[in-house]
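*Asks:* Could you have a look at this structure, given as structure tokens, before my questions?
The values are calculated or read from the model by the stated rules, or taken from the named source; none is laboratory data. All figures in this text were calculated on a predicted structure; none of them were measured in a lab. Note that each Cβ is placed from the backbone with ideal geometry, even for glycine, and that neighbours are counted across all protein chains shown. These area figures cover heavy atoms from the full protein model, side chains too; ligands, DNA and RNA do not enter into them. Shrake-Rupley method; radii C 1.70, N 1.55, O 1.52, S 1.80 Å.
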Amino acid sequence: MRRIPDSDRLPHALYRAEQVRRLDRLAIERFGVSGIELMERAGAVAYRLLRVRWPNARRLTVLAGMGNNGGDGYVVARLARAAGLDTRVLQLGKADQVRGEAALSLAAYRDAGGVIEDYLGLPRKTDLYVDALFGTGLVRPVTGPWAEAITALNAQRAPVLALDLPSGLHADTGCVLGVAVRASVTVSFIGLKLGLFVGAGAEYRGEVHFSALEVPAQVYAGEILAAVRIDWARESRLLTPRSRIAHKGDCGHVLVVGGAPGMSGAARLAGEAALRAGAGLVTIATHPRHADWLNLDRPELMVAAVERPEDLDTLIERADVVAIGPGLGRGDWGRRLWERVRGLSHPLVVDADALNLLAESPGAGPDWILTPHPGEAARLLGSATAEIQSDRLAGARQIQARFGGVVVLKGAGTIVHGPAPRVPAVCSDGNPGMATAGAGDVLTGVIAALRAQGLETEAAARAGVCLHAAAGDLAARAGERGLIATDIIAALRTLSNGLAKVDR
Ligand SMILES: NC(=O)C1=CN([C@@H]2O[C@H](COP(=O)(O)OP(=O)(O)OC[C@H]3O[C@@H](n4cnc5c(N)ncnc54)[C@H](O)[C@@H]3O)[C@@H](O)[C@H]2O)[C@H](O)CC1
Ligand SMILES: [K+]
């Protein structure tokens, strides 16, 4: 599993490309830090990082593009060469057409005796590559020799250090524009790029490092974040220790509504997850066909047979939070229960088929948490899954604007989007082992449990997403492949009591 350094080393502020360009300009115009100085600092940070990360690397190959990302690359090459490393710079595009600060950096490399070679293919031998093709200036899909170089880079085995962004990855959406570098390590400058944490960012970023390049803190003052990166290390602080005299009634009562005939497993997973995330009481309202055996080996779960909507009334009265959707189905039984629950003033967590029923008859809810995966999100917006994935932040924002409440858009880099002007959050914990049946049901139970224990709506969604993801990371220590939803549930307890730290 790819690692990113401990959260306290990575900032939580995430920015889009045009914001970072604004920060650059402010640093240059207001605080007198020249563009070439920023480039020198970026190159120096990258150079120091590569010497620490790959101390035995002797042969270094820099792939340079035509812009300032390439400019950073020339600085790295100059410093490496001065330190005696066998260094080559392979230029994409024409070196004599490089302009601005990048041209100054290129000249400095040449003045120090460096040679720029046209890219004609990768060298037979190198210990390490530096990807200085594109950063925030990528504006269109990568084609031609640039695409060939990236494809060749991805086909070889030497590690790749990407400057600012893996080339080919969109700085804002994390989408791959044609082809993108699969970096071993990415070092991002001045502002941590949103695209490293949404879309396909997790697939291409490798281990993420960051440097503000000593830009004065005031530069960031006026810039509203594009998003905030959240993880369990940060969100776990929201969980307060339990009172010594607590009793189960104090720790929240979650009512899970789901489990249509033949679909009881999802409701069961949500209920168990709610218990393991600390809810004091959990009741599963399920179809009469399941009620008798659902709680055979989990006596802590109370199970109620529900045939008609009015059968829910007493259960709702006792509950602090209602989670509806796991295994609800879209048949008459589920539909009638959904119509009864959707109008409640209770805090609601709405998932799975309840989301599909909401999509069929849209309406906003004041205090609900919607937890769509990209397909359910597409149905809610009447669009396509690919469109949601092409700009996940925009998709979450649209669902929140249309349906209210807090939206949890699941997937790599789960997004939590509350009402404007709240800054959306992107979870950087989690791993592909969690792409397994029932993981979403577990998340529903976790969020409901935290809401039932008193966290506010958006706080419960953020902490729930991060607890769930960190539990997935803890479970993945035994391997991502073969990780199943009950492994995530098993990891919840140690994490929610702060008894385990997940290395990233
Ligand atoms: N002072 C600063 O702004 C600092 C910037 N840093 C680094 O600079 C890049 C941003 O540089 P910029 O020149 O804006 O763009 P890029 O170097 O990322 O690349 C744009 C370059 O490539 C051409 N181009 C764009 N798309 C394509 C494509 N699909 N195919 C071919 N060519 C393409 C475009 O025409 C430009 O020529 C930033 O990421 C940092 O790495 C410093 O780090 C800090 C100071
Ligand atoms: K790059």
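*Asks:* Run the simple label-point estimate for R22 and R308 please: 7 Å along Cα→C-beta, distance reported in nm.
*Replies:* Here the modelled spin labels are 5.8 nm apart.
*Asks:* Counting only C-alpha contacts under 8 Å and six or more residues apart, can you give the relative contact order of the range 352-474 as a whole percent?
*Replies:* 21
*Asks:* At a Förster distance of 35 Å, what's the computed FRET efficiency of R402 paired with A221, Cβ-Cβ distance as r, to 0.05?
*Replies:* 0.60
*Asks:* Further question on the same structure: Tell me whether the range 233-496 comes out rounded, prolate or oblate; compute the Cα gyration tensor, take square roots of the eigenvalues as a ≥ b ≥ c, and use a/c under 1.5 as the rounded threshold.
*Replies:* Rounded is the answer for the range 233-496, as its axis ratio a/c remains below 1.5.
*Asks:* Something else: On a 0 to 90 degree scale, rounded to 10, what angle separates helix 457-475 from the longest Cα axis of the chain?
*Replies:* Rounded to the nearest ten degrees, it is 70.
*Asks:* Does anyone have the angle between helix 332-341 and the longest principal axis of the chain? Alpha-carbon axes, 0 to 90°, nearest 10?
*Replies:* The angle comes out near 80 degrees.
*Asks:* Once Lys and Arg get +1 and Asp and Glu get -1 on their Cβ, which of L153, T283, A323 lies farthest toward the positive end of the dipole of the chain?
*Replies:* Ranked along the dipole, the leading option is L153.
*Asks:* A further question on this structure: Quick one: Cα convex hull volume of the chain, Å³ per residue?
*Replies:* Output value, Cα hull per residue: 147 Å³.
*Asks:* By how many nm would the segment from A384 to L296 lengthen if fully extended, with 0.36 nm per residue of separation less the alpha-carbon distance?
*Replies:* Contour length minus Cα-Cα distance gives 27.6 nm.
*Asks:* In square angstrom, what is the accessible area per residue of the chain with a 1.4 angstrom probe?
*Replies:* Per residue, the chain has 40 Å² of solvent-accessible surface.
*Asks:* Hey, another quick one. Rounding to the nearest 10 and keeping the result within 0 to 90°, find how far the Cα-based axis of helix 100-111 lies from the longest principal axis of the chain.
*Replies:* 50
*Asks:* Based on the mean of other Cβ atoms within 10 Å per residue, sort peptides 118-125, 69-76 so the most packed one is first.
*Replies:* Descending packing order for the listed peptides: 69-76, 118-125.
*Asks:* Across 5 Å bins from the origin, how do the percents of Cα pairs in the range 15-85 run, short distances first?
*Replies:* Result, from short to long distances: 4, 15, 22, 23, 16, 10, 8, 2, 0 percent.
*Asks:* Counting only residues 5 or more places away or on other chains, whose amide H sits under 5 Å from the amide H of T87 once H atoms are built in the peptide plane?
*Replies:* L60
*Asks:* What full-extension length gain, to one decimal in nm, is calculated for R48 and K248 as 0.36 nm per residue of separation minus the Cα-Cα distance?
*Replies:* Length gained between R48 and K248: 66.6 nm.
*Asks:* Report ³J(HN,Hα) in whole Hz for each residue of the range 182-188, in order, from the Karplus equation J = 6.51 cos²θ - 1.76 cosθ + 1.60 where θ = phi - 60°; Gly and Pro get x.
*Replies:* Couplings: 8, 7, 7, 9, 10, 10, 9 Hz.
*Asks:* Also, I was wondering about something else. Please give the FRET efficiency for R99 paired with R481, using the beta carbon to beta carbon distance and R0 = 41 Å, rounded to the nearest 0.05.
*Replies:* Given R0 = 41 Å and the Cβ-Cβ separation, E is 0.30.
*Asks:* In whole Hz and in residue order, list the ³J(HN,Hα) couplings for the range 231-240 that follow from phi through the Karplus curve 6.51 cos²θ - 1.76 cosθ + 1.60, θ = phi - 60°; x for Gly and Pro.
*Replies:* 8, 5, 4, 8, 6, 5, 5, 6, 8, 8
*Asks:* Work out the length of the dipole vector of the range 302-440 about its Cα centre, built from +1 on the beta-carbon of each Lys and Arg and -1 on the beta-carbon of each Asp and Glu, and round it to the nearest 20 debye.
*Replies:* 360
*Asks:* Of the listed peptides 275-285, 83-93, what is their order by residue-averaged count of other C-beta atoms within 10 Å, with the highest listed first?
*Replies:* My ranking of the peptides, most packed first, is 275-285, 83-93.
*Asks:* Using a 1.4 Å probe over the heavy atoms of the protein chains, calculate the carbon and sulfur portion of the accessible area of the range 267-347 as a whole percent.
*Replies:* About 49 percent, which is the carbon plus sulfur part of the accessible surface.
*Asks:* Turning to a different aspect of this structure: Could you please state how large a percent of the accessible area of the range 1-150 is carbon and sulfur, counting protein chains only and using a 1.4 Å probe?
*Replies:* 49
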